[in-house]
Number of protein chains: 2
Amino acid sequence: MQTVIDYIRSTKEAALKELLDYLKIPSISANPEYHPQCDQAANYLADKLKSIGMENVQLITGYGRPNVYADWLHAPGKPTILIYGHYDVQPPDPLEKWTTPPFEPTIRDDMIYARGSDDNKGQHWPWVRAIEAWLKTEKKLPVNIKFVAEGEEECGGKAIHDCMQEKKYIDAWKCDAAAISDGAWFAHDVPSIGVGLRGLSYFELEVNGAKMDLHSGQHGGTGPNPIKVLAQVIAKLNDVSGRVAIPGFYDDVQELTAAERKMIHDLPFDVDNYHTEIGVATTAGEEGYSHLERQWTRPTFEVHGIVGGYVAPGAKTVIPATATAKISFRLVPNQNPAKIKKQFEDFLKANMPKTVTWSLKELGEGGTALVVPTDSPYLKALQPVYEKIWGRSPMLTRTGGSIPVATLFANTWKIPVLFMDLGYHDDQIHSPNERYPLKQFYDGMELAAQALDAWSKI
Amino acid sequence: MQTVIDYIRSTKEAALKELLDYLKIPSISANPEYHPQCDQAANYLADKLKSIGMENVQLITGYGRPNVYADWLHAPGKPTILIYGHYDVQPPDPLEKWTTPPFEPTIRDDMIYARGSDDNKGQHWPWVRAIEAWLKTEKKLPVNIKFVAEGEEECGGKAIHDCMQEKKYIDAWKCDAAAISDGAWFAHDVPSIGVGLRGLSYFELEVNGAKMDLHSGQHGGTGPNPIKVLAQVIAKLNDVSGRVAIPGFYDDVQELTAAERKMIHDLPFDVDNYHTEIGVATTAGEEGYSHLERQWTRPTFEVHGIVGGYVAPGAKTVIPATATAKISFRLVPNQNPAKIKKQFEDFLKANMPKTVTWSLKELGEGGTALVVPTDSPYLKALQPVYEKIWGRSPMLTRTGGSIPVATLFANTWKIPVLFMDLGYHDDQIHSPNERYPLKQFYDGMELAAQALDAWSKI
């Protein structure tokens, strides 16, 4: 193991140079003009995987941007770990806000400034280098590895989702656990592993009143107003304690154990800082739960957008024919998106007045929440690794967001997905001047190398 | 009197030709490119008024499109009547939906098809011709007349509003009653006189949460959602019986008398037809009042527009920083816009949660409601005139809309304003193929001529 670490330390400048070259490729998946560059990034990754001794290296095309696959399966009796990353990046706009150009990576104050430096090239490259270090020094890996990278994470994830619907890939990518480094530590000095994320059900609700816009002088008092109806329905969706008021909504919600609540309670969360950070006097939410519990472990509903009637400057006295809202529910373990959808529809049927008609359209596929059991041996094996590298046990955190591909992995093979995040929360991903600490990149390689070793001993 | 009527009947073709020439002028006040044509229409009207013997004919410029003024004040001891009209028209778009061009007036099936034919050239020209008939045959008018026409009715009415703020015009235009033909009969076979309209207070309400849009995964459950807050406030503005739920809102509302309720109840209103016309299964509104009572005599609140967050196609998981709604209250007699504004602000202060900030902006000036006392002698004098011309008493109707200039006349001089509408409700004003029945034009001239006579006998 020490030779592996020595290799990593002695070649870290080469590793950095490789990463910087990777970062120079503007693999912006959302913009079709940059699809050739997406292919270029996929090839760069595939070529590297091949050069270090990974086998069956493929670019899986035909589903959108290529999925990169490679494996090394010569550790009989040992676990098979799927390593996931994505080579595509967010659009860099607004360009004028970047201190240095987004695709000319620059080191300043021990930070790599470039689009994709944190999200996600700089977080999966340590895994590539860790595999290299093992194969160069020990001539083998301590576990079986399947490496999967997608190129549409930043624009919907369709290509990998479509592969995961096919038996061919379900069989080919089958694994005992998955490791994903694609998030942020809880704080700079708090190494953390994600052990849960929420699911999501997303809907568009349209309410229709009269067949045309009505004059509010002539019809005000009798003409049905879809904005008012939509507002009334949205208002009814929360009760006064901040809970979702759909009957049955909490039936399947897995409550936290005392140990889980304590784990969250022990995290260093400063409510005042949070208020300052987002610029509010106080926050909203469900009674009886702390901030982090609300964000990570409780289901919620949000309205993401609403529009209806006259919204240009000035006054127009119209009762609009239509109003529309985008509404989602974040789901927690045991909640079933199909059941939630049915409950929501029933709620609408019960609460919509006869003055209007309405339609509910689901946007995207409902995704379930994901929780990694804290007694998973794959998770427990990581504890001494974190202690060795960073001098402390990892905090086990959750996130309120949703990572559909992780949930898909977990549900498809009934495996633990380990969110071994390496970013800092202030790395400005998706924003101008995205950055990634050199230290996290270097430490990340050692984490990856040692994690493979630790899992081999389960 | 009979000679006046004979004159009207014998010159009706000339009257029609004049109107058609007037309709050829595209006096579209909303479009600055057509302001020369607005001036042209003002001059056409002024020249006509001068040619028939009206005095002090002026184009009052400097406030926007000219106000046309003329008078004839040689009936000592007789009332002074202000006749109002507007020479400007709505834009004709969409042009391709017109069967014949909007400014090439065409007669089909005894209808005049042209922009402005009903609204309002064809409704005030009868008054011009009635004055002409009196002056040509009797060499005098039975009452004193002040004729005022504006050219910005279709784009905000600023020019006449500004004149009405000046003592000079308040004195010059002072009158005992005003007659306005600028609306529609209750039904084709129901000649009607408007005796009331509602007031209006119009607001823009903005709700602000966090200082930036938040990711709903990360912040859902704690981050304040301005759309939800705005929806909750809108929902609270109505109680379950459909009343406005602002404390004190109904304090000053003048309830209908039994006679007024009976008058409205007796009107031939078909609820099923109304549902079909606007395309709804059933209508909304305040319990305990009929449809027409709700539309004409009860205060309401409406939301005219709402917008916040992500409204483009697809799903975006954002908690927006801001949401905005345009909200108005239609007011009825005795309600004071300033008091309503204060009550609304107090309501918002009491109901907005501390999670958000908000601002309320008034759009336009609050306008009070207007009701003509049904025992006004000016109104009573019209009854036999309507009977003579149409064989039945006029229905006394109200409208739920607001006509600020009428309210201004009524409040400035404490006078009755008589809405002697001549249009049909299906004349498609503001729409393609606006039309106006020849019969209404011809009968309108006789109505105007006889009304002047009737008022002279008060």
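The values are calculated or read from the model by the stated rules, or taken from the named source; none is laboratory data. Fair warning: this is a prediction, and the values are worked out from it, not measured in the lab. Every residue, glycine as well, gets a Cβ built from its backbone with ideal geometry; the counts of neighbours run over all protein chains shown. In case anyone asks, the SASA skips ligands and DNA or RNA and just uses the protein heavy atoms, side chains included. Shrake-Rupley method; radii C 1.70, N 1.55, O 1.52, S 1.80 Å.
For segment B:1-101, the Cα gyration tensor yields ellipsoid semi-axes of 29, 21, 11 Å (square root of five times each eigenvalue, largest first, whole Å). Relative contact order, whole percent, for chain B stands at 25, derived from Cα pairs under 8 Å and 6 or more residues apart.
Throw me the Rg/Rh for segment A:148-197, computed over C-alpha atoms with Kirkwood Rh, two decimals. Kindly include the intermediate steps, with their values, before the conclusion.
Working: Rg = 14.2 Å, Rh = 13.3 Å.
Result: Rg/Rh = 1.07.
Think of it as helices only: each DSSP H run of n ≥ 4 in the protein assembly as shown is worth -39500 (n - 2.57), and spread over all residues that comes to -10500 deg cm²/dmol at 222 nm. Taking the three principal axes of the alpha carbon atoms in segment A:118-162, the coordinate ranges are 39, 24, 11 Å, sorted in descending order.
Per residue of A:284-295, other chain Cβ atoms within 10 Å of the residue Cβ number 4 on average. Contact order, relative form, for segment A:301-458: 19 percent (alpha carbon pairs under 8 Å, 6 or more residues apart, mean separation divided by residue count). Solvent exposure of chain B amounts to 38 Å² per residue of accessible area, where only protein heavy atoms count and the probe is 1.4 Å.
Quick check on packing: order A:388-394, A:41-47, A:144-150 by the mean number of other C-beta atoms within 10 Å, highest mean leading.
Values: A:388-394: 14.7, A:41-47: 20.9, A:144-150: 24.9.
Going by the mean number of other Cβ atoms within 10 Å, highest first, we get A:144-150, A:41-47, A:388-394.
With a 10 Å cut-off around each Cβ of B:195-203, the average count of Cβ atoms from other chains is 2.
Going down the table (A:Lys354/B:Lys342; A:Lys24/A:Lys439; B:Lys50/B:Lys97; B:Lys211/B:Lys349; A:Lys388/B:Lys316; A:Lys167/A:Lys339), which pairs top 29 Å between alpha carbons?
Working: A:Lys354/B:Lys342 33 Å; A:Lys24/A:Lys439 20 Å; B:Lys50/B:Lys97 37 Å; B:Lys211/B:Lys349 21 Å; A:Lys388/B:Lys316 40 Å; A:Lys167/A:Lys339 26 Å.
Long pairs (Cα-Cα over 29 Å): A:Lys354/B:Lys342; B:Lys50/B:Lys97; A:Lys388/B:Lys316.
For chain A, with the dipole built from +1 on Lys and Arg beta-carbon atoms and -1 on Asp and Glu ones, taken about the Cα centre, which of A:Ala46, A:Ser431, A:Val253 lies farthest toward the positive end? Toward the positive end, the furthest listed residue is A:Val253.
Each copy carries a label point for B:Met1 at 7 Å from Cα toward Cβ; from one copy, the others' points are 11.4 nm away, ordered from shortest. Across the accessible surface of segment B:154-220, with the other protein chains kept in place and a 1.4 Å probe, carbon and sulfur atoms take up 51 percent.
Backbone phi angles across segment B:101-113, fed through the Karplus curve with coefficients 6.51, -1.76 and 1.60 (θ = phi - 60°), yield HN-Hα couplings of x, x, 10, 10, x, 9, 9, 9, 6, 6, 10, 8, 9 Hz in residue order; Gly and Pro are listed as x. Length gained on full extension, A:Asp21 to A:Asp251: 77.7 nm, using 0.36 nm per residue less the C-alpha separation. Amide H to amide H, with H built 1.01 Å from N, A:Trp173 comes under 5 Å of no residue 5 or more places away or on another chain.
Working note: Debye formula, equal point scatterers on the alpha-carbon atoms of segment B:264-303, no solvent; log10 I(q)/I(0) at q = 0.21, 0.32, 0.33 Å⁻¹ is -0.74, -1.21, -1.21. Surface composition of segment A:367-432: carbon and sulfur atoms hold 54% of the protein heavy-atom accessible area at a 1.4 Å probe.
Within the accessible area of segment B:236-286, the carbon and sulfur atoms contribute 52%, probe 1.4 Å, all protein chains present.
With a Förster radius of 25 Å applied to the beta-carbon distance between A:Lys211 and B:Arg392, the computed FRET efficiency rounds to 0.15. Kirkwood radius and radius of gyration were both taken over the C-alpha atoms of chain B, and their ratio Rg/Rh is 1.01. Sorted from shortest to longest, the distances between the A:Asn334 label points of this copy and the other copies are 5.9 nm, with each point 7 Å from Cα along the line through the beta carbon. Measuring heavy-atom accessible area with a 1.4 angstrom probe and counting protein chains only, the residues of segment A:261-281 that give up at least 50 Å² relative to the chain alone are A:Ile278.
The candidates B:Met352, A:Met263, arranged from most to least accessible area with a 1.4 Å probe in the full protein assembly, appear as A:Met263, B:Met352. Peptide B:237-246 has a mean of 1 when you count, residue by residue, the C-beta atoms of other protein chains within 10 Å of its C-beta.
Assuming charge only on the beta carbon of Lys and Arg (+1) and of Asp and Glu (-1), the dipole of chain B about its Cα centre is about 900 debye to the nearest 20. Taking all Cα pairs closer than 8 Å and separated by 6 or more residues, the relative contact order of segment A:304-370 comes to 33 percent.
Remark on A:Gly305: its backbone amide H falls under 5 Å from those of A:Lys326, B:Tyr310, a criterion applied only to residues 5 or more positions apart or on other chains, H modelled at 1.01 Å from N. Legend: translational diffusion of the protein assembly as shown by Stokes-Einstein, Rh = Kirkwood radius over C-alpha pairs, 25 °C, 0.890 mPa s; D = 76 µm²/s. Each DSSP beta bridge with both residues in chain B is either parallel or antiparallel, and the antiparallel ones are about 70%.
Taken along the Cα-to-beta-carbon direction at a fixed 7 Å, the label points for A:Ala350 and B:Lys262 span 4.7 nm.
In a simple Cβ point-charge model (Lys, Arg +1; Asp, Glu -1; nothing else charged), the protein assembly as shown has a dipole of about 860 debye relative to its Cα centre.
Near A:Val318, the amide H atoms lying under 5 Å from its own belong to A:Ser216; only residues 5 or more places off or on other chains count, and H is placed 1.01 Å from N. Does segment B:338-458 come out rounded, prolate or oblate, given a ≥ b ≥ c as the square roots of the eigenvalues of its C-alpha gyration tensor, rounded meaning a/c under 1.5 and, failing that, prolate meaning a/b above b/c? Since a/c reaches 1.5 and a/b is larger than b/c, the shape of segment B:338-458 is classed as prolate. What is the Cα centroid distance between segment B:133-195 and segment A:121-165, reported in whole angstrom? Result: 81 Å between the Cα centres. Give the residue from B:Asn120, B:Gly157, B:Ile131 lying farthest towards the positive end of the charge dipole for segment B:104-186; charges sit on Cβ (+1 for Lys and Arg, -1 for Asp and Glu) and the dipole is referred to the Cα centre. Selected residue: B:Ile131. Per-residue Karplus couplings for segment A:316-327, computed as 6.51 cos²θ - 1.76 cosθ + 1.60 with θ equal to phi - 60°, are listed in order as 9, 9, 10, 9, x, 7, 9, 9, 9, 9, 9, 10 Hz, Gly and Pro entered as x.
Determine the total buried accessible area between chain A and chain B, counting protein heavy atoms only with a 1.4 Å probe; round to the nearest 100 Å².
The buried area between A and B, both sides summed, comes to about 5100 Å².
Counting heavy atoms of the protein chains alone, B:Thr374 has an accessible area of about 60 Å² for a 1.4 Å probe. When all protein chains stay in place and ligands, DNA and RNA are ignored, the 1.4 Å accessible-area order of B:Arg398, A:Arg198, A:Arg435, largest first, is A:Arg435, B:Arg398, A:Arg198. Label point of B:Gly248 (7 Å along Cα→beta-carbon): distances to the other copies' equivalent points are 4.7 nm, sorted ascending.
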